[in-house]
Structure formats: C-alpha cells, structure tokens
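K.L.:
Below you'll find the structure I mean.
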Amino acid sequence: MGSSPPTTDPFTKKSAKKTKGKRASSSSFNVLLNQDVLPLPSLSDTPAAERNELFLKKLQQCCVVYDFTSPDTDSKGIEQKRSTLNELIEYIASNNGVIFEGVYPETIRMLQCNIVRCFPPATEEAKEDFDNDEEEPNYDPSWPHLQLVYEYFLRFMESADFQPSLCKKYCDQKFVIQIMALFNSDDPRERDLLKTMLHRVYGKFLGLRSFIRKNINYMFLRYIFENEPCNGVAEFLEILGSIINGFAVPLKQEHRHFLLKVLIPLHKPRGIATYHASWPTV
C-alpha cells in the first residue's frame, strides 16, 4: 500500500458504528470513581490571590468520574461536578490572565480522566451491521458531564491566554493517539466535538500536523483494505476538507499520495453512503 503504519497503533480496538445494544467502556485514567468531594467556594467569591490554587483544586475535583448507569451513584456529586464544570467554562471565557503554567497539566489530566477510555472490539454481528445507517445510534449516558469537559477544553484552547509552547509538553503524540481512538465512539455528539477538538489541536500545534495526517491515513487504509470498522470516517473527512484547503500548489508528494492511495480508494467500501456527504472538495 506504500504507507508505513505509525509506531503506535491507535486503532487496535474497534467497534461498529451501529450496534443493537449498549456497550460499556473502560479507562485507565478513571481512577476516582463516584468518590465524595467536598464543596469548594466559588471562584468569583474568592480573593484574587487565592484563585489560582482554587482553580487547580476544582480541576482536580473534576477528575472524579461518576457511573451514570448505576442507581447507587451519588446524584448530589453528579450535580456538583456539573456545576463546577460550568463554572470553569465561564471563568476562562470571561476573564483574562487566568490561565497560568500550572493549569496546563491539570487540564490535560482532567480531560484524560473523563474522556479517554477503551471501547470493546466489534462483534461479528456488529461488523455486519456497521454499514447499516438505519439503526439508531447509541448515546453515552455520561454525556451531561462529557459535553461540559469537551466544552471546557475547547474554551481553554480558544482563550487569548492559551500558549501552545506551554501546552505542547502535555499535548503530544500520545495525547493525539488517545483522542483519535475516541472517534470510535458510538455517540455522534461526541464524535462531532472530537472533530472540532482535533481540528483545534491541528491548528495550534504545528509539530503535530504531519503526525495527525499520517494517523488519519493509516486509519483509512485499515478501513479500506482490512475491513476494520471505524465510526469516525465522516468526521475525519470533514477535518481533512479543511486541511486540504490549506495545501500549497504544487502539491507535495505526501499530498498526492493521499489523494491517489487513500482518498480515491475510499470510494470502494460498501459503507460509502455513511460518509459520502462529508467528502472533501479537491
């Protein structure tokens, strides 16, 4: 195929886009499950000299992950975390100079604790149903928290205070692999926010651009030639649509290779109807 896979394979575990039952997920970061958390004062009512420390405490508190499928989960804790996430979003969106160096590692850790998880491999039945666009998607029950975590991180990167030079130590190739693997989520709402987030990462971190393109290409090649189900084909194509618009003319060899060996063969899979509307204009 003329393409060498990345050193680390982010797509070793796959699941179908449409499945007939809910599926569970697990995360190596979700170590704080359903723990009780102490209420913290609001940032707006705290003296300016103490806000940085409180900001970090709130980020650490949001690393606690709640099981929305369990009837024994603390509803007060769920509501408190939702309120804290909303407060953090408002805080960084409405204030200048509030993102300092210590916020970067805690933000990435909070993001990983909440969203990074492994999805079970697809069953044979699920693989057969993968290209069927008629069944309803599975929605993640923890979406009330997931959505706010994604929104916080997007606001974080869009802030005028955000400095890629301070974040690149934590937003590295391993982080990108974790994010790209999440495009296998059954929840289309999550994939849509992942699309926006990966596009922001691509724009902010020049050193990761080639790595992101190569990993998308590798995922496409597995989908085309190994029949490996991938929920995020449409979203990746939309990201590539924006990337392709920025290609300089004449095209580099890498970009010509992508067109001939990856983009054109994407017409081959029987599931083309599920992503044809997202096709980039070249």
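The values are calculated or read from the model by the stated rules, or taken from the named source; none is laboratory data. None of these values were measured; they are calculated from a predicted model. No Cβ is skipped: glycine too gets one built from the backbone with ideal geometry, and neighbour counts run over all protein chains shown. Keep in mind that these areas ignore ligands, DNA and RNA; they rest on the heavy atoms of the full protein, side chains included. Shrake-Rupley method; radii C 1.70, N 1.55, O 1.52, S 1.80 Å.
K.L.:
Over the range 164-255, give the accessible area per residue in Å² for a 1.4 Å probe, as an integer.
P.N.:
Per-residue accessible area for the range 164-255 comes out at 41 Å².
K.L.:
Here's a follow-up. Greater than 28 Å separation of Cα atoms is the criterion. Which listed pairs, K168/K195; K58/K204; K174/K195; K195/K252; K76/K169, meet it?
P.N.:
As for pairs spanning more than 28 Å Cα to Cα, those are K76/K169.
K.L.:
Between A277 and R256, how many nm apart are label points set 7 Å from Cα along the C-beta direction?
P.N.:
3.5
K.L.:
What does the charge add up to near F55, with Lys and Arg as +1, Asp and Glu as -1, over the other residues with Cβ less than 15 Å from its Cβ?
P.N.:
-3
K.L.:
Sticking with this structure for a sec: So for each of 258-265, 113-120 I average, over its residues, the number of other beta carbons within 10 Å; can you give me the resulting order with the highest mean first?
P.N.:
Details: 258-265: 16.2, 113-120: 19.6.
Taking the mean over residues of other Cβ atoms within 10 Å, the ranking is 113-120, 258-265.
K.L.:
Same structure again: If you average the alpha carbon positions of the range 53-100 and of the range 178-235, how far apart do those two centres end up, in angstrom?
P.N.:
Between the Cα centre of the range 53-100 and that of the range 178-235, the gap is 27 Å.
K.L.:
Can you check what the net charge comes to around Q163, using other residues whose Cβ is under 12 Å from the Cβ of Q163 (Lys, Arg +1; Asp, Glu -1)? It would help to have the intermediate numbers written out before the result.
P.N.:
Details: positive: K168, K169, K204; negative: E101, D161.
That works out to +1.
K.L.:
Could I ask something else about it? How large is the charge dipole for the range 169-229, taken about the Cα centre, if only the Cβ atoms of Lys, Arg (+1) and Asp, Glu (-1) carry charge, to the nearest 20 debye?
P.N.:
Working: 11 positive and 7 negative charges, 89 e Å.
Using only the charged Cβ atoms, the result is roughly 420 debye.
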